[in-house]
Amino acid sequence: MKRIITLALVAAYVLSMAGFASAKEVNMKAEFIESLQWSDNHNFKADDGEDDFTAKQRVRVYFDYVASETLNAVLGLEIEHSWGQDGAQLGTDGDKNIEVKHAYTNFIVPGTEVAVRAGLQPFAYKGAYGSPIFDDDAAGIVINAPINDAVALSAAWIRAFDNANGDKNDADFDLFTLAADIQGEGFAVTPYAVYGALGQNALESGSDFYAHDTAAGLATIGAINAEDNADVYWAGINYEVTMFDPFTIKGDVIYGAVAADEEENDRSGWFADLGVEYKLGFGTLGVAALYGTGDDDDISDGSEAMPVLNDSGFSLTSFGFSGATGTGADSLLGSARYDMWAIGAYLADFSFVEDLSHKFIVVYGQGTTDSEAVEGTDLSKSKFAPVLTDEDSFIEVNFDSTYQIYENLAAIVELGYIHMDRDADTWEKSKLDDADDDAFKAAFYLKYNF
């Protein structure tokens, strides 16, 4: 209850500040999402005791305190509940799920066009279908500097992880990024480079960082026993070509690596995707392909899958990948790995009824990790384990619809199906040899924005 009162006081305080000077204003925006979801076999394994029905909601409220055209600050709050659980059971008086999502300051350096943002903020690397490296929130400083009408440079420092236990368990993690946005007539290109300094003992199995979700995207699929600093790198390029309208070509090429103290803790690999779209009179027809390197048959020399920071960005589909609306279930094909190749076709934004639009997509893919990296190894409880090997394949079909009830209110339906074909011999030791049951999802959302 104390957090509810605190939230009300913060909102009242922020809004009251608008009256202190006529040159200042407070803008507010919010997003309310309520969802009902039916699903089955989310881990592709039948009769695992999963809950086939969930009801959730998420509220995000943003206060934008504007001092001038060159200075403002944003406070974003998020409240998320699963109906019937903490704070959303009978009485609904819980306060455990209130979070500060964003808290940052924007300003323009006096006498320049250089923009600076500092604090808890949205942060993402560019991607044709969203970034496979990172697309989420982070704490840090981002600087954008336009050079001319065609070129802008940006630099960022992100404090990804600060270990609270001191030198005994040093797992600090800092990220530094340089990028250039290049706009031309009919094309846009964004090359970028990322360096991460991952502190000593961060990948050791007993460290705080090792228990964090981010560790799963940086470590190998084998045992981790690191006692020294690790260097993390990415170099990528995102591009989009529109000069051939009504055709659009877009894609990414990315290389990433983790250089650790021991060879068994190293990780390096490639990711590339390509999309070609054609604008029709009633929608957009597209084909997409992706390829990510996988582990070879010897895990003692590290991993050949590209490291990632999280899986919240790449949203080609709304079930197998991370394209679900709000609180919807997704990322079934892997939460920290893109060791696969896939090709798909889709028809997006097509509509035959006013205010009702659809997206239909079919994707086929196979793993690129050598099956011998998994055979004979019990990975059933390892968060580093691949979902697919080169002996496995999947077919995903999604049909998603959006009906705009009012200008600010939409009803959204996501229907998803994944057929998983796992090789029984490969996964027998991992106790996942029978984890090839088809997965289903039917989700309904109400989404209100103002």
Quiz prompt | Pairs where the first residue, in region 286-303, is at positive phi and the second is of a type in the set (Ser, Thr, Tyr), C-beta under 6 Å, 6+ apart | solution = Gly302/Thr220
Exercise. Kindly establish whether Asp295 is modelled with pLDDT under 95, buried (at least 20 other Cβ atoms within 10 Å of the Cβ) and either outside any strand (DSSP E or B) or aromatic (Phe, Trp, Tyr) (or both).
Key: yes
Quiz item: Among the residues of region 196-215, is any assigned to a strand (DSSP E or B), open to solvent by less than 20 Å² (accessible area, probe 1.4 Å) and of a type outside the set (Lys, Arg)?
Solution: yes
Quiz item: So Ala188 clears everything in (1) more than 28 Å from Ile249 (Cβ to Cβ); (2) open to solvent by less than 30 Å² (accessible area, probe 1.4 Å); (3) modelled with pLDDT of 95 or more except one condition, right? Which one?
Solution: (1)
Quiz item: Can we say Ser82 is surrounded by 15 or more Cβ atoms within 10 Å (Cβ to Cβ), modelled with pLDDT under 90 and within 30 Å of Leu333 (Cα to Cα)?
Solution: yes
Self-check item: Odd one out for Ser393 among (1) modelled with pLDDT under 95; (2) out of contact with any Ser or Thr (no Cβ under 6 Å at 6 or more places or on another chain); (3) of a type outside the set (Val, Ile, Thr)
Solution: (1)
Quiz prompt | Subset of region 298-321 (residues that are touching an Asp or Glu at 6+ places or on another chain (Cβ under 7 Å), within 27 Å of Ser82 (Cβ to Cβ) and buried (at least 24 other Cβ atoms within 10 Å of the Cβ)) | solution = Thr317, Ser318, Phe319, Gly320, Phe321
Exercise. Of the conditions (1) touching a Leu at 6+ places or on another chain (Cβ under 8 Å); (2) part of a loop (DSSP other than H, G, I, E, B), Tyr104 clears all except one; give me its number.
Key: (2)
Quiz item: Which of the following residues is among the small types (Gly, Ala, Ser), at pLDDT 90 or above and surrounded by 15 or more Cβ atoms within 10 Å (Cβ to Cβ): Ser382, Ser430, Ser357?
Solution: Ser357
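The values are calculated or read from the model by the stated rules, or taken from the named source; none is laboratory data. Here the structure is a predicted model, which means the values were calculated and not measured. A quick note on method: Cβ atoms are made from the backbone with ideal geometry, for glycine too, and the neighbour counts reach across all protein chains shown. Calculation scope for accessible area: heavy atoms of the full protein, side chains included, ligands and nucleic acids excluded. Shrake-Rupley method; radii C 1.70, N 1.55, O 1.52, S 1.80 Å.
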